[in-house]
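Enquirer: To start, I am sharing the structure in question, which I have written as structure tokens.
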Amino acid sequence: KLAEINHIAVNYRLSGAYLTLEKLLEDLNNPSSKVDFIKFCEKELEKQKNTLAKGTYRQQLSTITKLKKFKNSILFQEINNDLINELIIHCKKKLKNKDTTIQTTLKNFKKFLHIANKKGIRTELNFDDITVKSFKGDRTFLTPEEIKILYEYRKSKFIFEARKNILDRFLFSCFTGLRISDIQNISDKNIIGNFLAFQSEKTGKFQKIKLNESAKKFINSNNEFNGSYTNEHINRELKFIAGACGIKKNITFHVSRHSFATNFLIKGGRIENLQKILGHSNIRETMIYVHIVDSIMNEEINNMDDIIN
């Protein structure tokens with residue numbers, strides 16, 4: 001208890017705030033944002049709510065929710081290498097998170113710890129002691145045959161209206177490459193003739209792409225999508241739809257973007273045009289899809305063995 005009292009006193013002194021007996025007792029029994037890292041994260045995220053992109057805000061809020069499930073309270077004095085390792089194990093073993101998801105959690109943890117350290121809150125482990133590794137993301141994509149299967153399922157008389165609406169969004173992205181964050185913001189104002197014009201939520205860039213005839217099939221007569229669904233609900237339903245269609249791949253909405261990019265190149269599209277459509281700042285991001293297509297082509301050359309073997 002003496003160590004906790006001393007820690008609270010130090011935090012107040014560093015932040016220039018006056019510590020009363022009442023505040024001391026309150027922070028001992030119910031740690032405030034000056035003492036509790038999770039409460040600090042919530043307070044800082046609320047401050048940034050109107051300046052962050054919606055997707056970024058949701059991602060960082062998800063990290064805070066994850067921290068709450070990991071521990072009810074994380075005192076600044078508890079932040080050390082052991083805690084970070086426990087968090088990684090919790091994400092991997094209990095939550096079954098992939099490496100990329102775990103590193104995103106660490107990146108957000110590091111961000112809020114950086115803010116705290118800049119405000120004079122001292123921790124055993126500083127923000128620059130946390131290393132965030134870079135992993136190649138999952139590049140699952142659908143083949144043209146699998147996209148056709150989904151399209152046939154969409155036309156079925158037995159599909160629920162809500163699932164059809166969700167599939168419309170997914171298939172639209174399979175033919176345009178749009179992220180889910182941009183799909184959610186599309187309205188008739190964004191469609192001008194045969195073109196789709198929008199500001200990317202993730203990058204802030206203005207993009208203009210031509211709509212092919214296939215993409216037009218998935219928006220209604222008002223140039224909008226039917227219904228309103230959260231990202232989480234969309235991803236849950238997509239897993240059900242994939243299972244119902246016999247597609248044994250881990251389907252999330254982002255698979256539609258990978259599917260567009262991969263099939264665009266297989267059909268003879270140019271890499272520099274794909275970069276513009278996807279809104280990539282660096283062509284190295286786009287080159288990942290070239291490597292995927294190359295590996296497919298290299299594998300298919302073995303099919304020639306069937307001629308005489």
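Enquirer: Binning at 10 Å from 0, report for the chain what percent of all alpha-carbon pair distances ends up in each bin.
Expert: Spelled out bin by bin, the chain gives 5, 21, 26, 21, 14, 9, 3, 0, 0 percent.
Enquirer: Let me ask you something else. Quick query: amide H of LEU75 versus all other amide H atoms, modeled in the peptide plane; which residues come in under 5 Å with a sequence gap of 5 or more or a different chain?
Expert: Residues meeting the criterion, in which the H sits 1.01 Å from N, are PHE37.
Enquirer: Counting just the Cα atoms, what span does segment 226-309 cover along each of its three principal axes? Round to the nearest Å and put the largest first.
Expert: In descending order, the Cα extents are 52, 37, 19 Å.
Enquirer: How far is helix 2-15 tilted off the main Cα axis of the chain, in degrees rounded to 10, range 0 to 90?
Expert: Approximately 70 degrees, to the nearest ten.
Enquirer: Could you check how much of the accessible area of the chain is carbon and sulfur, as a whole percent, using a 1.4 Å probe?
Expert: 52
Enquirer: With θ set to phi - 60°, apply the Karplus curve 6.51 cos²θ - 1.76 cosθ + 1.60 along segment 148-160 and write out the HN-Hα couplings as whole Hz, x wherever there is a Gly or Pro.
Expert: With the stated coefficients, segment 148-160 comes to 5, 4, 5, 5, 5, 5, 4, 7, 4, 6, 9, 6, 5 Hz.
Enquirer: If r is the Cβ-Cβ distance from GLU78 to GLU22 and R0 is 30 Å, what FRET efficiency results, to the nearest 0.05?
Expert: Approximately 0.80, to the nearest 0.05.
Enquirer: At a Förster distance of 51 Å, what's the computed FRET efficiency of ASN6 paired with PHE195, Cβ-Cβ distance as r, to 0.05?
Expert: Computed FRET efficiency for ASN6 and PHE195 comes out at 0.20.
Enquirer: How large is the accessible surface of MET287 in square angstrom, using a 1.4 angstrom probe and rounding to the nearest 10?
Expert: 60
Enquirer: Give me the one-decimal nm value for the distance between modelled label points at LEU52 and HIS254, 7 Å along each residue's Cα-to-Cβ direction.
Expert: Those two pseudo-labels are separated by 1.7 nm.
Enquirer: Here is a follow-up. Protein chains only, probe 1.4 Å: how do LYS248, LYS49 rank by accessible area, largest first?
Expert: Of LYS248, LYS49, the descending order of accessible area is LYS248, LYS49.
Enquirer: Full extension from ILE288 to ILE271: what is 0.36 nm times the residue separation minus their Cα-Cα distance, to one decimal in nm?
Expert: Net length gain for the segment: 5.1 nm.
Enquirer: Could you pull out which residues in segment 242-264 have an amide N less than 18 Å from a spot 7 Å beyond the Cα of THR203, following the Cα-Cβ vector?
Expert: It comes to 254-264, nothing else.
Enquirer: If you line up the long axis of helix 99-118 against the longest principal axis of the chain, both from Cα atoms, how many degrees apart are they, to the nearest 10?
Expert: For helix 99-118, the angle is close to 40 degrees.
Enquirer: Per-residue HN-Hα couplings for segment 234-243, Karplus 6.51 cos²θ - 1.76 cosθ + 1.60 at θ = phi - 60°, whole Hz, x for Gly and Pro?
Expert: 4, 5, 5, 5, 5, 5, 5, 4, 4, x
Enquirer: Would you mind working out the accessible area per residue for the chain, using a 1.4 Å probe, and quoting it in Å²?
Expert: That works out to 58 Å² for each residue.
Enquirer: Starting from the amide H of LYS34, placed 1.01 Å from N in the peptide plane, find each other amide H under 5 Å away whose residue is 5 or more places distant or on another chain.
Expert: none
The values are calculated or read from the model by the stated rules, or taken from the named source; none is laboratory data. This one's a predicted model, so the numbers in the text were calculated from it and none came from an experiment. Note that we place each Cβ from the backbone using ideal geometry, even for glycine, and neighbour counts take in every protein chain shown. Quick note on the areas: whole protein, heavy atoms, side chains included, nothing else; ligands and nucleic acids left out. Shrake-Rupley method; radii C 1.70, N 1.55, O 1.52, S 1.80 Å.
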